[in-house]
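For reference, the structure discussed in these notes is given below.
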Amino acid sequence: MIVMKFGGTSMGDAECIRNRVGEIVLDAVEKGKEPVVVVSAVGGVTNLLLSAAEAAIQRKPEQARALVEDIAKRHLDVLEKAVKQTRFALDASSYITEILEDLSVFLKAIGVVGELTPRSYDIVLAVGEKLSARILTAVLEDRGYPAEFISLDQVIVGEFGADSENYWPKVQDFFKSRLKNVREGAVPVLTGFFGPTPNGILKSVGRGYSDFCASLAGAVREAEEIQIWTDVDGVATANPTKVSDARILERMSFGEMAELSHFGAKVLHPQSVWPALKANIPIRILNTFHPQAQGTLIVDETVEANQPFKSIAYKKDITVIRICSYGMLMAAGFMAKVCERFGSYGISIDLISTSEVSVSLSVCEKPSEIEPLLNDLRKFGSVDVASDLSIICLVGAEIQRNESIFGKVFEALRRKGIEVKMISMGDLRINLSLVVDNSNCDDVVRLLHQSFFAE
């Protein structure tokens, strides 16, 4: 059994859904792979739903209604082109109309209250995956294969703390309960949305939650493989839109993929790694538009290649906070107290670098968004803030055996006159992170790729 997740680009229009996604799923069925399918919303629809919610909060009912009508038209047009048999089209059309009528009523209620809770956001977001999954179910049935539409929007039941260590294992139990009664012989088509979660899925997981959903589904069904179908041939040595000669990697470890995802690689959501890792299920990144490509296999083992490292990732628009404290830095518990302050404001730290008298930390938020935190940190010492920066991260187990890489990196940057603002290395020694000005980010990525991967 395999899990196959298709993203918004893969589900972009009728042609994609019927003749690309549908063909790939049915090929897996015919090969006896027993696929479980997870889908994102049709490309662009999640943004439309969020815009409709914002219009409702601002008490702009006409704008909200127009956005819902646009969503309805898009899906009904896709359904008309993708499903040939009337009975399957009518069933799906009725469902689409009903769901969007419910959404309109809900948005009117939001307009009365004038606010939207995280759970209410979840209710709005869930609509996108419900519609796309229902359409794909109709497509598979139209092509002669039994399929079962499964909405996971109520898969999480009961109240339990999202911050507790038992939260996600409990979610997996709910997944297992929901999926155990799938009709014999039918292809399950799951919504990539699951929830609502106590803090809202955007805060608990973030955009790209359907990757995480696929990983959870794969873990509870003990899948042979979790496939993430996207619009690239796999994980590359750098972002192909920035580096024209980037190469596709055949294999990499879960740890390496987690680092790349965290530092900006868009092919896989960062939280998708741990359910698959814990269940020891490989993840394969594949291209819906080039299905014959081998893709990249992510496995629970050290993977070393005959190259200096695996890939370069980057994250732009970060902020570095430097705390200088002659009296407290080396005192017991100082770092714990500093990090606790970040946690109390819900701010995640990406990188930490220390010297004898200062500590530097990077975050994704802009200085204007964290002013209360900065004021709090001034209790520990002087605080300097630098913004409009980028993290560039070199990732690969090969770094552990290639100490000359450090000299080569800094020499390449020195020759180009590029200043490094901060340096950090992960404790597993599979990543080296540099902070540079935003304006230098793309040039540094290309320079380092040329320096290490040129023929």
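The values are calculated or read from the model by the stated rules, or taken from the named source; none is laboratory data. What you see is a predicted model; the values in this text were computed from it and never measured. Every residue, glycine among them, receives a Cβ derived from its backbone with ideal geometry; neighbour counts consider all protein chains shown. To get the accessible areas, we keep the full protein, side chains included, count just its heavy atoms, and leave off ligands, DNA and RNA. Shrake-Rupley method; radii C 1.70, N 1.55, O 1.52, S 1.80 Å.
Details
- First in the range 428-455 and under 12 Å from P308 (Cβ atoms), second anywhere and part of a helix (DSSP H, G or I) and at pLDDT below 95, Cβ under 7 Å, 6 or more apart: L432/I399; L448/V409; L448/A412; S451/K408; S451/A412
- One residue alone among I430, I399 is within 31 Å of the chain's Cα centre (by Cα) and open to solvent by 10 Å² or more (accessible area, probe 1.4 Å), and that residue is I430.
This table checks each residue for (1) part of a loop (DSSP other than H, G, I, E, B); (2) farther than 24 Å from E259 by Cβ.
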| position | (1), (2) |
| --- | --- |
| S348 | yes, no |
| P372 | no, yes |
| D376 | no, yes |
| D384 | no, yes |
| S387 | no, no |
| I391 | no, no |
| L394 | no, no |
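- Residue match in the range 380-395 (condition: of a type outside the set (D, E, K, R), touching a residue at least 24 places away in the same chain (Cβ under 8 Å) and closer than 18 Å to G343 by Cβ): yes
- Lone qualifier among N181, N199 - being out of contact with any Asp or Glu (no Cβ under 9 Å at 6 or more places or on another chain), open to solvent by 10 Å² or more (accessible area, probe 1.4 Å) and not charged (D, E, K, R): N181
Residue-by-condition table, conditions (1) out of contact with any Phe, Trp or Tyr (no Cβ under 8 Å at 6 or more places or on another chain); (2) closer than 20 Å to H269 by Cα; (3) of a type in the set (K, R):
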{"position": "Y167", "(1), (2), (3)": "no, yes, no"}
{"position": "N181", "(1), (2), (3)": "yes, no, no"}
{"position": "E184", "(1), (2), (3)": "yes, no, no"}
{"position": "N199", "(1), (2), (3)": "yes, yes, no"}
{"position": "L202", "(1), (2), (3)": "no, yes, no"}
{"position": "G208", "(1), (2), (3)": "yes, yes, no"}
{"position": "V232", "(1), (2), (3)": "yes, yes, no"}
{"position": "D245", "(1), (2), (3)": "no, no, no"}
{"position": "I248", "(1), (2), (3)": "yes, yes, no"}
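- Top-ranked residue of the range 45-65 - restricted to ones that are open to solvent by less than 40 Å² (accessible area, probe 1.4 Å) and within 25 Å of the chain's Cα centre (by Cα), ranked as nearest to A219 (Cα to Cα): T46
- Restricted to helices (runs of 4 or more DSSP H) entirely inside the range 1-88, those with at least 3 residues that are farther than 30 Å from Q292 by Cβ are 45-57, 61-82.
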